[in-house]
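Here, each number is a calculation from the coordinates, and none is a lab measurement. Because the structure is a prediction, the values reported are computed rather than measured. Counting neighbours? That spans all protein chains shown, and the Cβs are built from the backbone with ideal geometry, glycine included.
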Amino acid sequence: MQPSSSGSVQLSGSCLCGGVRYRAALPAYHASHCYCTMCRKHHGAAAGSYVNVASDGFVVEEGDELITEFASSPPARRGFCSVCGSSLYWRSSESPESIALTLGTLDQDYAGAVEKELFVEQKPGWLPVK
Ligand SMILES: [Zn+2]
Ligand SMILES: [Zn+2]
């Protein structure tokens, strides 16, 4: 995987244990931080951070059998590694053409801008460093 600055045409990522490795074709778009309760629970963090890519360009190169999906709401599925628990992606049957990869599992810094924050009203009060 080459860094995006060198003209790479794909993103690559992996889970904490390294059992799952994936790549995704660019472009990537609509990067976001989501503070909804479900994202916070799934990530064990202040937010779920994502970037969208086309589903047909998303390829699990290793560890497909390790990925478990949790249906967090009727249309949505959250994929995670069943060995280490890393949150890998969010996808919805309402928008099957795209998949939201978790920014934290990318193997390189995401070079694009994070464009929006979702469910800001659910942002935890302990998030800002005081
Ligand atoms: Zn893993
Ligand atoms: Zn969310």
Could you please let me know if PHE70 is within 16 Å of ligand 1 (Cβ to nearest atom) and either among the aromatic types (Phe, Trp, Tyr) or closer than 14 Å to ALA100 by Cβ (or both)? yes
In this structure, does GLU61 turn out to be surrounded by fewer than 17 Cβ atoms within 10 Å (Cβ to Cβ), over 12 Å from SER98 (Cα atoms), of a type in the set (D, E, K, R) and touching a residue at least 40 places away in the same chain (Cβ under 8 Å)? yes
Could you grab me the full set of residues in the range 8-34 that are assigned to a loop (DSSP other than H, G, I, E, B) and buried (at least 20 other Cβ atoms within 10 Å of the Cβ)? CYS15, VAL20, ALA28
Enumeration of residues in the range 109-130 that are basic (Lys, Arg) and either in contact (Cβ under 8 Å) with a residue 60 or more places away in the chain or closer than 26 Å to LEU11 by Cβ (or both): LYS116, LYS123
Of all the residues that make up the range 61-92, how many are in contact with a strand residue (DSSP E or B) (Cβ under 8 Å, 6 or more places away or on another chain), more than 16 Å from ligand 2 (Cβ to nearest atom) and part of a loop (DSSP other than H, G, I, E, B)? 3
